[in-house]
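A.B. asks: Sharing a structure with you now.
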Amino acid sequence: MAEKTASGAEAAAIAAAIARFESEFAGAPAGEPEDAVGPWQRAALLEGVGAKQDIQDPQARGGARWQS
């Protein structure tokens, strides 16, 4: 069997196909750890918002009385 090398255009096409495959199927980039505080939780912490406070004190911020 005779060996044949790829032409420049074929090699470029293979390299482009590999790059496209890697970009489509690559894993998610490493970000913050899962136990990190999210943006909504961070805003609530900065504003001092808490659900338990409203439930325990029904008059706080005009909240309704909690009934279970």
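A.B. asks: Checking Val37 against (1) surrounded by fewer than 10 Cβ atoms within 10 Å (Cβ to Cβ); (2) in a loop (DSSP other than H, G, I, E, B); (3) modelled with pLDDT of 70 or more: exactly one of these is not met. Which one?
C.D. replies: For Val37, the exception is condition (1).
A.B. asks: Here are some conditions: (1) acidic (Asp, Glu); (2) assigned to a loop (DSSP other than H, G, I, E, B); (3) modelled with pLDDT of 65 or more. Glu32 meets all but one. Which one does it not meet?
C.D. replies: (3)
A.B. asks: Given the criteria part of a loop (DSSP other than H, G, I, E, B), of a type in the set (S, T, N, Q) and either at pLDDT below 80 or exposed (fewer than 10 other Cβ atoms within 10 Å of the Cβ) (or both), does Ser68 qualify?
C.D. replies: yes
A.B. asks: If you check Ile14, Ile55, which single one turns out to be at pLDDT 80 or above, of a type in the set (Val, Ile, Thr), in a helix (DSSP H, G or I) and surrounded by 10 or more Cβ atoms within 10 Å (Cβ to Cβ)?
C.D. replies: Ile14
The values are calculated or read from the model by the stated rules, or taken from the named source; none is laboratory data. Please read these numbers as outputs of a predicted model, since none were measured by experiment. So basically every Cβ, Gly included, is an ideal-geometry build from the backbone, and we count neighbours across all protein chains shown.
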